[in-house]
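Student: Next up is a structure, given as structure tokens.
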Ligand SMILES: [Zn+2]
């Protein structure tokens with residue numbers, strides 16, 4: 001048995017997500033015909049939002065909204081707005097970057113989808129919107 005990282009539903013499959021979220025991701029992948037223009041992240045506990053409109057580095061030193069989180073590195077990760085979607089890459093942060101509870105290894109570029117969990121150190125964010 002596995003738990004879907006998005007909704008925590010338990011399921012008995014070889015996929016990485018429950019049926020519903022697997023389907024949503026497939027539909028998202030097909031419908032991403034236009035390049036993304038904006039991604040909205042929301043902190044899962046305190047509700048604060050980060051709205052990002054171009055490729056950038058996220059970190060305590062650079063991003064005003066992240067200043068208060070001590071476990072986020074000065075330069076923690078990079079968000080890359082590419083033609084075919086938005087990717088996140090860890091920048092050798094001390095407390096690591098996780099997408100849906102999977103640790104990003106050095107050099108990994110992981111594509112983000114709406115509803116994905118993005119954790120910087122101990123700080124849990126959720127991708128709540130990707131605009132095209
Ligand atoms: Zn699910």
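Student: To the nearest 0.05, what FRET efficiency results for residue 74 and residue 132 with a Förster distance of 35 Å applied to their C-beta separation?
Tutor: 0.65
Student: Roughly how many nanometres apart are two label points built 7 Å out from the Cα toward the Cβ at residue 34 and residue 46?
Tutor: In this crude label model, residue 34 to residue 46 measures out at 3.4 nm.
Student: As a check on your grasp of the helix formula, calculate [θ] at 222 nm for the chain: sum -39500 (n - 2.57) over DSSP H runs of n ≥ 4, divide by the residue count, round to the nearest 500.
Tutor: Helix-only estimate at 222 nm: -3000 deg cm²/dmol.
Student: If you average over every viewing direction, what projected area does the convex hull of the Cα atoms of segment 34-131 give, in nm²?
Tutor: Projected area, direction-averaged: 5.3 nm².
Student: How much length is gained if the chain between residue 8 and residue 26 is pulled fully straight, taking 0.36 nm per residue apart and subtracting their Cα-Cα distance, in nm to one decimal?
Tutor: Once the chain is fully extended between residue 8 and residue 26, it gains 4.6 nm.
Student: Expressed in nm to one decimal, what extension gain is obtained for the pair residue 95 and residue 54 from 0.36 nm per residue of sequence separation less their Cα-Cα distance?
Tutor: This chain segment gains 12.3 nm when fully extended.
Student: So, R0 is 25 Å and r is the distance between the beta-carbons of residue 62 and residue 105; what FRET efficiency does that work out to, to 0.05?
Tutor: Given R0 = 25 Å and the Cβ-Cβ separation, E is 0.65.
Rule-based calculations on the coordinates, nothing more; no lab input. Because the structure is predicted, anything quoted here is derived from the model rather than measured. Backbone-built Cβ (ideal geometry, glycine too); neighbour counts: all protein chains shown.
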